[in-house]
1. Of the residues in region 110-121, how many are without any contact (Cβ under 8 Å) to a residue 40 or more places away in the chain and open to solvent by 60 Å² or more (accessible area, probe 1.4 Å)?
2. Can you tell me which residue within region 98-109, out of those that are assigned to a loop (DSSP other than H, G, I, E, B) and in contact (Cβ under 8 Å) with a residue 24 or more places away in the chain, is least open to solvent (accessible area, probe 1.4 Å)?
3. Out of the residues in region 58-97 that are among the hydroxyl-bearing types (Ser, Thr, Tyr) and farther than 25 Å from Val161 by Cα, which is most open to solvent (accessible area, probe 1.4 Å)?
4. Between Asp124, Asp79, Asp181, Asp130, which is free of Cβ contacts under 8 Å to residues at least 12 places away in the same chain and charged (D, E, K, R)?
5. Going through region 146-158 one residue at a time, which ones are aliphatic (A, V, I, L, M) and exposed (fewer than 13 other Cβ atoms within 10 Å of the Cβ)?
6. Name the single residue that is nearest to Glu169 (Cα to Cα) among those in region 122-145 being open to solvent by 80 Å² or more (accessible area, probe 1.4 Å) and of a type outside the set (Val, Ile, Thr).
Amino acid sequence: MIATRRFALAVLLVCLGQTAILGYMVESRAGILRTGAEVLLKTAPVDPRDLLRGDYVILSYDISTITTALITGERPAGDEKMPLQVRLKPAPDGFWTVTEASFQPLPAIAGSVIVNTLPVRGYDVPSGTDGTVWVTYGIESYYVPEGEGRPIEDGRNTGRVSVAVRVSEDGQPQIRALMLDGVPLYQEPLY
């Protein structure tokens, strides 16, 4: 009888732990969508398409290529990896562009948003000011209903796809909407 109660208690604790972990994962994403600053990003063509991974759209952004002239401060050395903080400001066309980047914390400035990249290796950042570094933000793919990826990718390749992204106060981005010709095709609920 006592062994049965202990087993039942252990199962209950495991279930509660798993539920708490899943709840945390959902709430962390929902929190960004609910309270994050929204930026509009222009996508860039990507080729080729990987047919083996299911129905999703591969996204690349104009802000994924950063000129080294915009990177200030110390840089990681060799194989060391660090996230890059990227300051975005809106351009006259409504899309947000890179105005500054640093491996050290950037100060908040009104009218701008700071977004973090995934870690970048030191040897991937050219020295000097005349090179470019390609970065990722963790928002480079978006799952779509089966069979609907190809038209979106065709639109992306002709520059007709844009993405509304919410950025949390600590710089974490989350896709809020995928748009074709400025019209939302898919939107995440703001909870």
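1. If we filter region 110-121 for residues that are without any contact (Cβ under 8 Å) to a residue 40 or more places away in the chain, which is where we start, we get 110-112, 117-119.
This time we only want the ones that are open to solvent by 60 Å² or more (accessible area, probe 1.4 Å), so: 110, 118-119.
Adding up the residues that qualify gives 3.
2. Step one: filter region 98-109 for residues assigned to a loop (DSSP other than H, G, I, E, B), giving 103-109.
Filter once more, keeping what is in contact (Cβ under 8 Å) with a residue 24 or more places away in the chain: 103-104.
Values: Phe103: 16, Gln104: 61 Å².
Filtering region 98-109 for residues that are assigned to a loop (DSSP other than H, G, I, E, B) and in contact (Cβ under 8 Å) with a residue 24 or more places away in the chain, the one least open to solvent (accessible area, probe 1.4 Å) comes out as Phe103.
3. At the first step, the residues of region 58-97 found to be among the hydroxyl-bearing types (Ser, Thr, Tyr) are 60-61, 64-65, 67-68, 72, 97.
Now restrict to residues that are farther than 25 Å from Val161 by Cα: 68, 72.
Working: Thr68: 1, Thr72: 61 Å².
Among them, the one singled out is Thr72.
4. Values: Asp79 fails: free of Cβ contacts under 8 Å to residues at least 12 places away in the same chain; Asp181 fails: free of Cβ contacts under 8 Å to residues at least 12 places away in the same chain; Asp130 fails: free of Cβ contacts under 8 Å to residues at least 12 places away in the same chain.
Going through Asp124, Asp79, Asp181, Asp130 in turn, the sole match is Asp124.
5. Kept after step one, since they are aliphatic (A, V, I, L, M), are these residues of region 146-158: 152.
Once the filter is applied, which keeps residues that are aliphatic (A, V, I, L, M) and exposed (fewer than 13 other Cβ atoms within 10 Å of the Cβ), region 146-158 yields nothing.
6. To start, the set of residues in region 122-145 that are open to solvent by 80 Å² or more (accessible area, probe 1.4 Å) comprises 123, 127, 129-130, 134, 143.
Keeping just the survivors that are of a type outside the set (Val, Ile, Thr) gives 123, 127, 130, 134, 143.
Values: Tyr123: 29, Ser127: 30, Asp130: 31, Trp134: 23, Tyr143: 25 Å.
If we take residues in region 122-145 being open to solvent by 80 Å² or more (accessible area, probe 1.4 Å) and of a type outside the set (Val, Ile, Thr), then Trp134 is nearest to Glu169 (Cα to Cα).
The values are calculated or read from the model by the stated rules, or taken from the named source; none is laboratory data. Owing to the predicted nature of the structure, the values given are computational and were not obtained by experimental measurement. So basically every Cβ, Gly included, is an ideal-geometry build from the backbone, and we count neighbours across all protein chains shown. Just so you know, the surface numbers come from the protein's heavy atoms only, side chains and all, with ligands and any DNA or RNA stripped out. Shrake-Rupley method; radii C 1.70, N 1.55, O 1.52, S 1.80 Å.
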